[in-house]
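Please read the structure below before turning to the comments.
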Amino acid sequence: MGRELCEESPAARATFHAADAALGMPLSRLCFEGPESELRRTEVQQPAILTTSIAMLRALEERVVVAPSYVAGHSLGEYAALVAAGSVTFEDAVGLVHARGRFMQEAVPPGRGAMAAILGLGAAQVEEACAMARRESGLVVEAANYNTPTQIVVAGEAIAVELACTQARREGARSTVPLQVSAPFHCPLMAPAADKLAGELARVRFADPSPPVVTNVEAAPNAEGARVPELLRRQVTAPVRFTDLVLRLRELGVRAVLEVGPGRVLSGLVRRIDRGLLRGALGGASELSSAADFVYQNGG
């Protein structure tokens, strides 16, 4: 992950070197060589994805002026958005997500939590399925990621997640898909992680984001650095309102979006939310030229 990019871009190499120095660990070697089992650990995976995403952005900036009207991300991606907006240094951000991953992993014992994607139902139906599962089990399950109008991820205690999925299928869900995750993210079970992260956030200076960051928690633009720590703390236990976030960007006049980072998951979600938005993606060195063209053609 990121090896070819670093071979091509001095700015990308500098980003990976900065991550290694900030964390005091060979993150770049893990990204380039693995093993995959180590990369899948949440406390490694989160800084690895952030570092690769920012390396891609810096490589793009070597080729074209990048001046978006707004930036946004999905969960961990909000930290990349804050770096892109100049609200936080990359070094501080990579340290925060390293701690965030560790705190999330520690918050719930292995096997207790679970996440699952429910496909083919609207938000109200999924929320009611979760409510039924809570009533029946007395356990925690909540909508965690509102990815599209009909793709919603639920998270909580494993038994309650299974009950919610069973109810969702009864209500007509096309399918329910258990997710291979290390913890039940974006639900109340993450409260211990949120409390620990608050202490780390308090030690970091956040400048006013420019451009504004459309946040996961509020699905609204934030341009105040003073508000960032609380929004990031709340994000740990609150659902990711990605559908509302994309619709809000559209309301704000955004007509084109560029996904920067490994994979094209968000581009696919955006297509399902609003087909009218022009979409581009930068997921590796081979896409640098096309991404630069996309930025130039769409005014930054």
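Readers should treat all values here as calculations from the given coordinates under stated rules, not as data from a laboratory. Treat the numbers as computed from the prediction; the structure is a model and nothing was measured. No Cβ is skipped: glycine too gets one built from the backbone with ideal geometry, and neighbour counts run over all protein chains shown.
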Ordered by residue, what ³J(HN,Hα) values in Hz, to whole numbers, does the range 172-180 give under the Karplus form 6.51 cos²θ - 1.76 cosθ + 1.60, where θ = phi - 60° and Gly and Pro are x?
x, 4, 5, 6, 10, 10, x, 9, 8
Between Gly113 and residues 5 or more places away or on another chain, the pairs with built amide H atoms under 5 Å apart involve Ala158
In percent, what relative contact order does the chain have, based on Cα pairs under 8 Å that are 6 or more apart in sequence?
20 percent
Sort largest first and round to whole Å: the equivalent ellipsoid semi-axes of the range 194-253, each the square root of five times a Cα gyration tensor eigenvalue.
22, 15, 5
Per-residue ellipticity at 222 nm attributable to helices in the chain (runs of n ≥ 4 DSSP H, -39500 (n - 2.57) apiece, nearest 500 deg cm²/dmol) works out to -15500 deg cm²/dmol
Residue ranges of DSSP H helices in the chain that stretch 24 Å or more (Cα, own long axis) and have mean Kyte-Doolittle hydropathy of at least 0.0 are 42-61
What does the charge count around Ala292 come to, taking other residues whose C-beta lies under 15 Å from its C-beta (Lys +1, Arg +1, Asp -1, Glu -1)?
-4
For the range 102-245, what log10 I(q)/I(0) values come out of the Debye formula at q = 0.11, 0.14, 0.19 1/Å, with one point per alpha carbon and no solvent?
-0.43, -0.67, -1.06
Could you bin all the Cα-Cα distances of the chain into 20 Å bins starting at 0 and give me the percent of pairs in each, rounded to whole numbers?
34, 59, 7
Residues whose modelled amide H sits under 5 Å from the amide H of Asn222, counting only those 5 or more places away in sequence or on another chain, are Val213, Val214, Thr215
